[in-house]
Structure formats: structure tokens, C-alpha cells
1. Go over the candidates LEU76, LEU58 one by one and state the one that is surrounded by 13 or more Cβ atoms within 10 Å (Cβ to Cβ), part of a helix (DSSP H, G or I), under 10 Å from the mean Cα position of the chain (by Cα) and not basic (Lys, Arg).
2. Count, please, the residues in segment 1-39 that happen to be surrounded by fewer than 10 Cβ atoms within 10 Å (Cβ to Cβ) and outside any helix (DSSP H, G or I).
3. Show the residue pairs meeting these rules: Cβ distance below 9 Å; 6+ apart or different chains; first residue within segment 37-49 and under 16 Å from LEU72 (Cα atoms); second residue part of a helix (DSSP H, G or I) and β-branched (Val, Ile, Thr).
Amino acid sequence: MAHHLSAKKRIRQNESKRLRNKYAARTTRNAVKKLRETKEKEAAVEQYPKVVSMLDRLAKNNVIHKNKASNLKAKLAKHVNGL
């Protein structure tokens with residue numbers, strides 16, 4: 001167990017950041033799944049920029065790796081263009 005005040009504060013900060021990252025990552029994963037399941041071109045074109053923005057935000061904050069975000073964006077773009 002931590003004995004210093006700074007270590008205790010760091011534990012509190014890490015927990016709150018972990019929960020925030022977990023929520024953001026889960027929300028983004030659900031948005032990606034929803035976009036992949038979309039069959040209408042208009043709906044997919046409307047959703048795509050929002051999902052890309054979410055992925056970029058996760059990559060910027062190091063929740064996911066930047067290359068993973070790029071790979072997901074490319075696959076989603078291919079899916080949307082193929083509709």
C-alpha cells in the first residue's frame with residue numbers, strides 16, 4: 001500500500017483515467033461495430049466522420065496505438081466506399 005500522499009493521489013488519478021479510457025474505448029468499439037453493420041450508404045457516410053474522430057481522439061490520448069487507429073479507419077473507409 002502507498003504511504004506517501006503523492007503516491008495515494010497517483011493511485012486515485014490512475015483509477016479515474018482508467019475508467020475514462022475504458023468508457024471512451026468501449027463507446028468507440030460500439031460505434032465501429034454499428035458502422036460495420038450498416039448496409040445503407042447514406043447512413044454509413046454520415047456515421048464515418050464521427051467514428052474517425054473518435055478513433056483519432058483515442059490515438060491522440062494513447063488509449064489505442066496510432067497504427068491501430070489508422071488500420072481501423074482504412075478498413076472502415078473501404079467498407080463505406082464498397083456500399
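1. Result: LEU58 is the single residue among LEU76, LEU58 that is surrounded by 13 or more Cβ atoms within 10 Å (Cβ to Cβ), part of a helix (DSSP H, G or I), under 10 Å from the mean Cα position of the chain (by Cα) and not basic (Lys, Arg).
2. 4
3. From residues that are under 16 Å from LEU72 (Cα atoms), the pairs are THR38/VAL80; ALA44/VAL80; VAL45/VAL80; GLN47/VAL80; TYR48/VAL80.
None of the figures in this text is laboratory data; all of them are computed from the coordinates on show. Worth saying up front: this structure is predicted, and the values here are computed from it rather than measured. As a convention, Cβ positions derive from the backbone with ideal geometry for all residues, glycine included, and neighbour counts pool all protein chains shown.
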